[in-house]
Amino acid sequence: MSDHRSGLTCFVGRPNAGKSTLTNAIVGTKVAITSSRPQTTRHVVRGILTRPDAQLVILDTPGLHKPKTLLGERLNDLVRQAWSTVDVAALCVSADAPVGTGDAYVAAELARARGGSRRATFAIVTKTDLVSATQVAQRLAEVAELGEQSGMEWAEVVPVSAVTGNNVDLLTRLLIERLPPGPALYPGGEATDEPEETLVGEFIREAALEGVTDEVPHSIAVVIEEMAAREDRPEDRPLVDIYAVIFVERDSQKAIVIGKGGYRLKQVGIKARRSIEALLGTPVYLDLRVKVAKDWQRDPKQLRRLGF
């Protein structure tokens, strides 16, 4: 169809700006893990919304930040690659905190990358359900000023709540209107192009992040060692066996993740298994182990081993 539109947009912003929750809300299903911990997203996740008139592919990116580790540098590289390839870039700013140096850092980087481009750049104020209308108005004014300071002319400024759905449909329509005419980039019915093993590993990491504090969230990585349907099961009672390793950087972190008597690791397994079974549509046997990979965030060899 000549009036069909398709293309890519990316959500960028400082860590914990609500990018993943918004991606899930627009796509209509969970394709990106979410957490209150900063830097939850560690790779670019593609969420796909397919409609009769358009296909919108959203690149949910890690939070752009001033890196302290080699992992942080590599995550920032992923963000810069993402916004250089998309039709529409969107800076996400959280409504529940004043616009600060972190937001200014991302806006300045984005302006340098897209300043000479004719492609649209949006500003999105997220998490509006957490604040008053007065605070939303204040944040919108701050975002407008941020655009002026960074030399960025926002194509649209949209306040949204991914939790309540407020303005999510409006944002979706505005993004689609900026896409070029063209056929769908992915088959209909796909919500993401992420391999199932990648999603399974992310669901385990999401569960492991819950309830841990300090430096532990940054130190957690997950590797799926084996994932396959059990061969001796009848067709009407399938079971998928998954063997996964949760890596941390120190023995003290290992003890935290496992918990007293293994209780915490058991809870991680229970929560992760729910998400995995919903994804796969079949019962799952999940075997979790915890290992130490000392200072893996700073070690190039270990980063490659862990998929970064």
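No lab work stands behind these numbers, since they all come straight from the coordinates. No experiment lies behind these values; they were computed from the predicted model shown. Neighbour counts are summed over all protein chains in view; Cβ atoms, including those assigned to glycine, are modelled from backbone coordinates with ideal geometry.
Arrange the peptides 123-131, 239-247, 137-145 so that the one whose residues have, on average, the most other Cβ atoms within 10 Å appears first.
123-131, 239-247, 137-145
Cβ under 13 Å from Ser84's Cβ, Ser84 left aside: what net charge do those residues give with Lys, Arg +1 and Asp, Glu -1?
Around Ser84, the charge tally is +1.
Out of (1) 52; (2) 39; (3) 46, which label holds the value of percent of Cα pairs over 27 Å apart that was computed here?
(3)
Would you calculate, for the chain, the mean residue ellipticity at 222 nm contributed by helices, counting each DSSP H stretch of 4 or more residues as -39,500 (n - 2.57) and dividing by all residues, to the nearest 500?
-11500 deg cm²/dmol
Please list, or write none, the lysines whose alpha carbon is within less than 26 Å of the alpha carbon of Lys68, excluding same-chain residues fewer than 8 places away.
Lys19, Lys254, Lys291, Lys294, Lys301
If packing is taken as the mean number of other Cβ atoms within 10 Å per residue, what is the order of 146-156, 57-67, highest first?
Highest to lowest by the protection proxy: 57-67, 146-156.
Sequence gap at least 6, Cα distance under 8 Å: using those rules, report the relative contact order of the chain to the nearest whole percent.
18
Compute the signed sum of charges (Lys and Arg +1, Asp and Glu -1) over the other residues within less than 14 Å, Cβ to Cβ, of Leu239.
-4
Set the Förster radius R0 to 45 Å, insert the Cβ-Cβ distance between Arg51 and Glu235 as r into 1/(1 + (r/R0)^6), and round the FRET efficiency to 0.05.
It comes to 0.80.
Under a cut-off of 13 Å between alpha-carbon atoms, report the aspartates and glutamates in cross-link reach of Lys127, not counting same-chain residues fewer than 8 places apart.
Once the sequence-local aspartates and glutamates are set aside, what remains near Lys127 is Asp96.
For the stretch 238-308 and the stretch 74-92, what is the separation of their C-alpha centers, rounded to whole Å?
When both Cα centres are located, 28 Å separates them.
Pick from Arg274, Arg46, Arg118: which residue has the top mean-square fluctuation in a GNM of the chain where Cα pairs under 10 Å get a spring?
Largest GNM mean-square fluctuation: Arg118.
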